[in-house]
Amino acid sequence: MSDSPTPGGQEYEARLKDSTAAVAEFEHAPRGLLGTIQHVLHANPTFVPVIVLVASIAVFGVIAGERFFSPFNLSLIMQQVSIIGILAAAQTLIILTAGIDLSVAAIMVLISVISGKLSVELGVPAPVAIVIGFVCGIGAGYLNGWLVTKIKLPPFIATLGTWNVFFALNLYLSGAQSIRGSDIDEMAPLLKFFGQSIAIGSARLTYGTLLMIAIFIALWYILNKTAWGRHVYMIGDDKEAAELAGIRTDRTLRQVYMLAGFICALAAWASIGRVGSISPQSFYEGNLESITA
């Protein structure tokens, strides 16, 4: 067999020498302002509720007057929503996995009662009581995750049951009695740490408000910049597909519920500083229904 190139091959090589070496490119027609906005919203669908929220605040501010946008008033609003915001962060983690946790506020109330009883009535040092509260919050989250992953209960049913259990424990441990702020000041002032504030001009931001902002930033980074955060999104999108992709979905789900429990423990600590006392019955009736409704 001859090793000389065939006439067809010679013709191909000759034509190849004259061909361009440029890489194929797609022409991008100018989008304009409206097209750019549409492209950004399509790539980032979470911007839509943010835009609606900002627009609503702007309209309400115009109707309410200039005082609404004053630094003092805005800082006061942030103080009032700080506890709800922290609990919303915990709930968001669960929702991202296509679940729901009805017990987040009940966990928060229970942890505040446990920390208060240990430090104020039993004489346990406040730092130790706070650490025990965090352990209990993580344990409560693990219980929810275990019921969802091992017992295979729907998240709504599992957390509805633990919601009643945690509230019953709250009433049992507290005896439906409040712990006064003066007793906390005397025995465990550290429990009120997040109620302290710092002045920035005419605004006053509590440490609880700064904690809420820090939690938002930390969760944004974890969910968008880490592999674990992408796994959480994948589980919420399609749990079976995530399993086929090699993700240990049950373990990740338990971790999500445990992290939510930890955040609820932070909310419990912040709530003591915000309210100034531990009054489980009144706090439950006033705030818990707004969280789980």
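The values are calculated or read from the model by the stated rules, or taken from the named source; none is laboratory data. Note that the structure is predicted; figures quoted are calculated from it, not measured. Positions of Cβ are backbone-derived with ideal geometry, glycine not excepted, and every protein chain shown enters the neighbour counts. These area figures cover heavy atoms from the full protein model, side chains too; ligands, DNA and RNA do not enter into them. Shrake-Rupley method; radii C 1.70, N 1.55, O 1.52, S 1.80 Å.
Condition (residue is in contact with a Leu (Cβ under 8 Å, 6 or more places away or on another chain) and at pLDDT 65 or above) applied to segment 31-50: is it met by at least one residue? The answer is yes, given that some residue of segment 31-50 is in contact with a Leu (Cβ under 8 Å, 6 or more places away or on another chain) and at pLDDT 65 or above.
Just one residue in the set ILE200, ILE179 is in contact with a strand residue (DSSP E or B) (Cβ under 6 Å, 6 or more places away or on another chain) and in contact (Cβ under 8 Å) with a residue 40 or more places away in the chain; that residue is ILE179. Selection of segment 84-111 for residues being open to solvent by 10 Å² or more (accessible area, probe 1.4 Å) and aliphatic (A, V, I, L, M) yields ILE84, ALA88, ILE95, LEU96, ALA98, ILE100, LEU102, LEU110.
Can you tell me which residues in segment 182-197 are charged (D, E, K, R) and touching a residue at least 24 places away in the same chain (Cβ under 8 Å)?
Quick first cut of segment 182-197, residues charged (D, E, K, R) only: 183, 185-186, 192.
Hits for segment 182-197 are ASP183, LYS192.
The one condition from (1) open to solvent by 60 Å² or more (accessible area, probe 1.4 Å); (2) free of Cβ contacts under 8 Å to residues at least 40 places away in the same chain; (3) in a helix (DSSP H, G or I) that GLY229 does not meet is (1).
Just for helices (runs of 4 or more DSSP H) wholly inside segment 112-205: which have at least 2 residues that are under 18 Å from GLY273 (Cα atoms) and open to solvent by 10 Å² or more (accessible area, probe 1.4 Å)?
So the answer is 126-149, 181-187.
On the stretch given as segment 34-53, residues that are within 30 Å of VAL104 (Cα to Cα) and either surrounded by 11 or more Cβ atoms within 10 Å (Cβ to Cβ) or of a type outside the set (A, V, I, L, M) (or both) total 6. In segment 147-167, the residues that are farther than 14 Å from MET258 by Cβ never reach a residue that is assigned to a helix (DSSP H, G or I) and of a type in the set (Lys, Arg) with C-beta atoms less than 7 angstrom apart, at least six apart or across chains. Scanning segment 206-225 for residues that are within 15 Å of the chain's Cα centre (by Cα) and among the polar types (S, T, N, Q), we see that the one that is surrounded by the most Cβ atoms within 10 Å (Cβ to Cβ) is THR209.
Filtered by the rule that a residue be without any contact (Cβ under 8 Å) to a residue 12 or more places away in the chain, assigned to a helix (DSSP H, G or I) and not aromatic (Phe, Trp, Tyr), segment 211-226 gives ILE213, ALA214, ILE217, ALA218, ILE222, ASN224, LYS225.
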